[in-house]
Amino acid sequence: MKKYRILKTNIDLERYIGRVEKDQLILNIKENADLEKAKRIAEKLNIEIATDINDFSGLILQLDEDGLSLISGKMKLYGDFSKMEKRLKQNNLNNEILIHAVKIKGREKNLVVLDATAGLGEDSILLAAYGYSVNLYENNPIIAELLKDGIDRAKQNPELKEIVDRMKVFEEDSIIAMQNLDYKPDVILLDPMFPERTKSALIKKKFQILHKIESPCTNETELLNSAIKANPKKLVIKRPLKGEYLAGIKPNYSIKGKAIRYDCII
């Protein structure tokens, strides 16, 4: 196996994987993997490619014929919208509290939503399925690759293609981007990662991996102020059900579910 090394790059990779001890990240390619895609990802992140990873103890980006995934021990994370197909049916979308939170009275469709904290896009695809155009902002280069891979694979699924065609990924810092937009979003969705989530005994496996490469939000005031500066008709903020208001700002109203709520600022 080639030994891992971080090269000089314009991407501050250590910012995203700095909590991982010893060897940190490597790209493992399997049989029938897209070699051109592997080369592009490796060059972008400046990481080594290997086929034999038996002695590697860090995080693994794995590329095979099914796509890209992130592996940590026995946990595996990848963008998979096919598992959401049932939720994406129109009758089921009407029961999603996110849809109720984002709606603007008198404008059922054709909204432009800016998802400032896209992650793997699971909230965004619900909005796209409802008929909205969604611009997804993801600053973490590793998560952005997983997100784009999930969208690419969804485009091969006839049930999902039309939906994900309404999703556009911007790989940049949304805090900066929202201060310099060349369009006006109708709604901005914020779902920052907060420290309290790491302490939950019920945390999902995917968040266990995500917390290895993405730090909790420490600049919530700056994030919220940038969203306000973008001047949308509505801000929708995803929070734990009993979590504090983002940056201490009380919303106009909240829509609550069993475990989460959406704080809405008009």
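Some observations on this one:
- Ordering of 143-152, 176-185 by burial proxy (mean other Cβ atoms within 10 Å per residue, highest first): 143-152, 176-185
- Protection-proxy order for peptides 237-247, 82-92, each taking the mean of Cβ atoms within 10 Å per residue, highest first: 237-247, 82-92
- A straight chain from Asn46 to Ile260 at 0.36 nm per residue would run longer than the Cα-Cα distance by 73.3 nm.
- Taking Lys and Arg as +1 and Asp and Glu as -1, the other residues whose beta-carbon sits under 15 Å from that of Gly106 total +4.
- Three-way shape label, the range 81-265, alpha-carbon gyration tensor, a/c 1.5: rounded
- Subset of Lys39/Lys168; Lys103/Lys184; Lys76/Lys155 violating a 19 Å alpha-carbon distance limit: Lys39/Lys168; Lys76/Lys155
- Environment charge at Asn231 (Cβ cut-off 12 Å; Lys +1, Arg +1, Asp -1, Glu -1): +3
Bear in mind that the values in this text are calculations on the coordinates, not laboratory data. The structure displayed is predicted, hence computed values, not measured ones. Methodologically, a virtual Cβ is constructed for each residue, glycine included, from the backbone with ideal geometry; neighbour enumeration extends over all protein chains shown.
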